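The values are calculated or read from the model by the stated rules, or taken from the named source; none is laboratory data. Remember, it's a predicted structure, so these values are computed and weren't measured experimentally. Backbone-built Cβ (ideal geometry, glycine too); neighbour counts: all protein chains shown.
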Amino acid sequence: MNKIAVIPGDGIGVEVTREAVNVLELLNKKFLLDLQLVQFDYGAEKYLKTGISMPKEQLEDFRHNYAAIFLGALGDARVPDMAHARDILFGMRFGLDQYVNLRPVKLFDERLCPLKGKTANDVDFVVFRENTEGLYVGTGGFFKKGTADEVAIQESVNTYKGVERIIRHAFEYAKARGLTKVTMSDKSNALRFEGDLWQRVFRQLGEEFPDIEKEHWYIDALAMQMIKRPEQFQVIVTNNMFGDIITDIGAQLQGGLGMAASGNINPNGVCMFEPVHGSAPKYAGKNVANPFGAILTAGLMLEHLGFQKQAQLIETAVRKAVKENKTTRDIGGTLGTAEAGSAVCEFLETLWSD
């Protein structure tokens, strides 16, 4: 049995997760995938009532008893420092050593792309973001806080192990899929020490993959090239902060955050899948959020679990919904969240009856 932990979270996370779960349940029934979806109410409501984001023992439960975790979105203005979101999201990423952040960037229809003249063939690449190191480890502190002489220090932590395994994962992903180029991005002309480590590891590992072209861009130049000529990229690998930034650029190229899926991967452990967008509290309960990112994330999860056929069906159904404008308003349609989710389910049923 494939036991899946489902955490809808906050805001629109609850609504888009509901649609993703509907898709999973439909495929589960049709193809007997033996999925067991278990709901957890971790989010702002529970945190405000109990003061607990997620019990420590829950992480071990996920580690040992679940095939994957599906997370909607976290964030609520009633928790101004977002402590619960940080505890849950970073708790799982770091605690379960999900060192690969996988962000596919795939355009389904050229009218969704803000770039003139770019087609689906031009926007089709994947970004691998290192997920457990860099500036996000929280190393640093304050000196003379609250005074005119205040100093805030935030340190970027990069280990050989951490850099080696994310770059290797990018090369192995490319090789397994017959791709021919891997692009590494850093800021080694300014961030000398971490850049030196990333450069050396990239060169060393590149020798193990002689058939794959190795390319390097400074991160500012890479961001520019993503806008200028996205078709040149196949696989991009970079550090935690830079990956966080450029994947939002990538999401916009494919139609906005509502179309973007992601996975937090531990190749040897339990993985967590989440749509890229946030909880967007001002839109919560209004039936306007785009569920396609969450549904595509469900597809990523199925692919990871070995259900490639069903994952492809999800992508095809979403593509059909986009082509026929059965979408929410953010990408040009007139449907609500629930109606757009239902449209995907209807296209799925059409696909397997053809």
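Overview of values
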| item | result |
| --- | --- |
| Elements of type helices (runs of 4 or more DSSP H) contained in the stretch 1-85, each with 2 or more residues being closer than 23 Å to residue 340 by Cα | 12-31 |
| Filter result for residue 63 (touching a Pro at 6+ places or on another chain (Cβ under 9 Å), basic (Lys, Arg) and at pLDDT 95 or above) | no |
| Single residue of 228, 286, 282 found to be surrounded by fewer than 18 Cβ atoms within 10 Å (Cβ to Cβ), more than 15 Å from the chain's Cα centre (by Cα) and farther than 27 Å from residue 16 by Cβ | 228 |
| Unique match (being at negative phi and touching a helix residue (DSSP H, G or I) at 6+ places or on another chain (Cβ under 6 Å)) among 52, 12 | 12 |
| Unique residue being out of contact with any strand residue (DSSP E or B) (no Cβ under 7 Å at 6 or more places or on another chain), within 15 Å of residue 261 (Cβ to Cβ) and not assigned by TED's automatic domain parsing to the domain that holds residue 138 when the list is 89, 112 | 112 |
| Scan of the stretch 153-178 for residues that are crowded, with 18+ Cβ neighbours inside 10 Å and in a loop (DSSP other than H, G, I, E, B), ordered by number | 158 |
| Residues located in the stretch 17-70, provided they are of a type in the set (Lys, Arg) and either under 20 Å from residue 273 (Cα atoms) or without any contact (Cβ under 8 Å) to a residue 40 or more places away in the chain (or both) | 18, 29, 46, 49, 56, 63 |
| Residue, farthest from residue 31 (Cα to Cα), within the stretch 299-354, restricted to residues that are in contact with a Ser or Thr (Cβ under 9 Å, 6 or more places away or on another chain) and polar (S, T, N, Q) | 334 |
